[in-house]
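Just below is one structure, and these are the notes that go with it.
Where a number appears in this text, it was derived from the coordinates with a stated rule and is not lab data. Predicted model, so just to flag it, every value in this text is computed and none were measured. Every residue, glycine among them, receives a Cβ derived from its backbone with ideal geometry; neighbour counts consider all protein chains shown.
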Amino acid sequence: MVMQIRLGLLASAILLSGCPHPQEDPAIPPPNPPVDTDWCRAMCNHIGPVTAESPKALNCEEGQDVYNSDKPGPKDVPNQTCEHWCIEMQDRGFFINPRCVSIVPSCDKIEEYRQKEPSSCLSET
């Protein structure tokens, strides 16, 4: 009986030592806030609805106010501006790339511009 317990413990130790240990994915960057959060207003004015402040805005869906269930207000009624959503996402580490999106020529190109290297958009602004 004692021998069976020892063999059981030994087998358990061998099995546990052979399990791979979780490692951090080197492709995932550290959770630093992304750059260019100060461009959120310009981006939202450009892709948002036409206003007196932004008469040439593109009126893209991505530039509209959104419903945020973490904020007060009736369900499914927009309660957060595009600008505040952009800032919140950037602060959480999700790169929106507002510098490049602020110069997108049309709504269907937003994702293409979001994927650009921000420094490539410097000369276009």
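General observations
- Extreme residue, surrounded by the fewest Cβ atoms within 10 Å (Cβ to Cβ), among residues of segment 83-99 that are of a type in the set (A, V, I, L, M, F, W, C) and touching a residue at least 40 places away in the same chain (Cβ under 8 Å): PHE94
- Residue, nearest to GLU111 (Cα to Cα), within segment 35-51, restricted to residues that are among the β-branched types (Val, Ile, Thr) and surrounded by fewer than 17 Cβ atoms within 10 Å (Cβ to Cβ): VAL35
- Pick from segment 57-66, criterion in contact (Cβ under 8 Å) with a residue 40 or more places away in the chain and within 18 Å of the chain's Cα centre (by Cα), ranking: surrounded by the fewest Cβ atoms within 10 Å (Cβ to Cβ): GLU61
- Within segment 88-110, being out of contact with any Leu (no Cβ under 8 Å at 6 or more places or on another chain) and within 14 Å of ASN45 (Cβ to Cβ) holds for PRO98, VAL101, SER102, ILE103.
- Filtering segment 105-116 to residues that are within 19 Å of the chain's Cα centre (by Cα) and either part of a loop (DSSP other than H, G, I, E, B) or crowded, with 16+ Cβ neighbours inside 10 Å (or both) leaves ILE110, TYR113, ARG114, GLN115, LYS116.
- In the condition set (1) under 16 Å from LYS109 (Cα atoms); (2) out of contact with any helix residue (DSSP H, G or I) (no Cβ under 9 Å at 6 or more places or on another chain); (3) not aliphatic (A, V, I, L, M), GLY63 is compliant with all but (2).
- The listed residue being buried (at least 19 other Cβ atoms within 10 Å of the Cβ) and among the hydroxyl-bearing types (Ser, Thr, Tyr), out of SER54, SER119, SER69, SER102: SER102
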